[in-house]
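Since every read-out is calculated from the coordinates, none of them should be taken as a lab result. The model shown is predicted, which means the values in this text are computed figures rather than measured ones. Note that we place each Cβ from the backbone using ideal geometry, even for glycine, and neighbour counts take in every protein chain shown.
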6 protein chains.
Amino acid sequence: MNISARNCLKGTIKSITRGPIMAEIVLDIGNGVQVTSVITAKAADNLGLKEGKEAYAVMKSTEVMIAVD
Amino acid sequence: MNISARNCLKGTIKSITRGPIMAEIVLDIGNGVQVTSVITAKAADNLGLKEGKEAYAVMKSTEVMIAVD
Amino acid sequence: MNISARNCLKGTIKSITRGPIMAEIVLDIGNGVQVTSVITAKAADNLGLKEGKEAYAVMKSTEVMIAVD
Amino acid sequence: MNISARNCLKGTIKSITRGPIMAEIVLDIGNGVQVTSVITAKAADNLGLKEGKEAYAVMKSTEVMIAVD
Amino acid sequence: MNISARNCLKGTIKSITRGPIMAEIVLDIGNGVQVTSVITAKAADNLGLKEGKEAYAVMKSTEVMIAVD
Amino acid sequence: MNISARNCLKGTIKSITRGPIMAEIVLDIGNGVQVTSVITAKAADNLGLKEGKEAYAVMKSTEVMIAVD
């Protein structure tokens with residue numbers, strides 16, 4: 001399945017913290033950079049996420065803000 | 001100013017395409033990886049974005065989805 | 001690729017309206033119900049969207065609000 | 001009150017799972033299709049949501065992604 | 001219709017700028033404070049928005065970030 | 001750091017409710033108006049949020065809907 005979301009960053013799951021409804025996933029995308037994602041706990045279960053497994057951070061372009069120093 | 005959005009990826013502005021309301025910004029974040037952002041054209045003007053300039057892609061963790069192969 | 005977004009509604013593309021940056025896609029999901037999506041024009045091109053083609057509306061659960069009469 | 005969000009799907013509340021901050025609402029929108037929503041637990045209380053009650057899933061068009069097989 | 005979005009700020013429409021797909025609405029919410037909204041141009045038409053008219057800025061709580069100096 | 005998000009409302013933190021993953025922050029922005037934000041609990045910790053402290057509610061314009069009576 002191809003999706004309209006235009007950003008996809010490959011990484012390795014570093015940690016998974018489950019709450020009752022939401023779960024926080026930290027992805028290591030290389031060069032010491034981490035991306036934090038909050039998805040539903042059920043989605044984390046459905047995807048079979050596990051520490052050390054490969055995964056992608058996917059973001060719609062309208063959700064990416066730009067900042068400058 | 002510190003903000004609650006937890007993801008901040010440093011990059012270089014590769015292209016800016018302006019529409020009447022929105023603008024599309026492509027950021028090169030290194031290793032051949034690009035991040036596409038759509039912000040308002042006025043925000044692009046206010047920030048003084050220019051090709052080749054350093055900028056950051058900022059994403060709230062609830063806007064980062066996870067995908068697996 | 002499996003994604004954490006938990007909502008996926010199958011439909012047929014009824015119309016595509018392209019602007020310079022964004023495109024509006026109307027999906028007929030059956031029973032006379034339509035879903036309107038706004039994605040980047042480039043994403044619409046990359047996906048090869050065409051009127052009459054099958055497609056899915058995909059929504060993260062945190063983006064679905066609930067209303068009552 | 002009329003709102004700019006352009007998508008509104010009528011359904012019946014199938015389940016409500018409350019966490020301390022967020023609540024997950026599953027809506028049956030007919031034909032065996034379900035829509036999952038995550039809203040704040042307080043919003044679920046304020047709206048008086050109950051299983052079996054009619055409700056609407058409301059989504060802004062910029063939050064609806066498009067996918068194709 | 002009551003909605004789960006928990007933030008609603010009353011204001012007066014100060015300006016409307018229409019693009020082909022999106023429209024930018026500036027709302028004056030009093031005390032010299034303005035709120036900028038980008039919605040679809042069709043939603044702006046459907047709501048009959050006009051400069052000087054009363055309107056509300058509505059935001060889901062998960063879309064409100066917090067910043068500190 | 002300047003950011004593309006165009007809305008920034010100054011206020012005072014009225015309450016903080018922490019869940020395991022998310023935290024709900026209520027901001028008093030004056031004139032009896034409150035804004036509710038849900039951010040990650042870790043972001044609330046990192047920002048050092050405390051009741052009575054000054055803070056800003058920051059919203060991207062594409063996340064601000066418009067409603068009329």
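Looking at this structure, is residue E:62 of a type in the set (S, T, N, Q) and more than 13 Å from chain C (Cβ to nearest Cβ)?
Criteria not met by residue E:62.
Can you tell me which residues in region E:5-45 are over 13 Å from the mean Cα position of the chain (by Cα) and charged (D, E, K, R)?
E:6, E:18, E:42, E:45
Look at residue D:12 and say whether it is touching a strand residue (DSSP E or B) at 6+ places or on another chain (Cβ under 9 Å) and within 14 Å of chain F (Cβ to nearest Cβ).
Taking the combined requirement at face value, the residue does not satisfy it.
Take residue C:5 and tell me if it is among the small types (Gly, Ala, Ser) and in contact with a Leu (Cβ under 9 Å, 6 or more places away or on another chain).
No; evaluated as a whole, the condition is false for this residue.
Only residues that are facing chain E (nearest Cβ under 7 Å) and buried (at least 20 other Cβ atoms within 10 Å of the Cβ): list them for region F:27-46, please.
Scanning region F:27-46 gives F:35, F:36, F:37, F:38, F:39.
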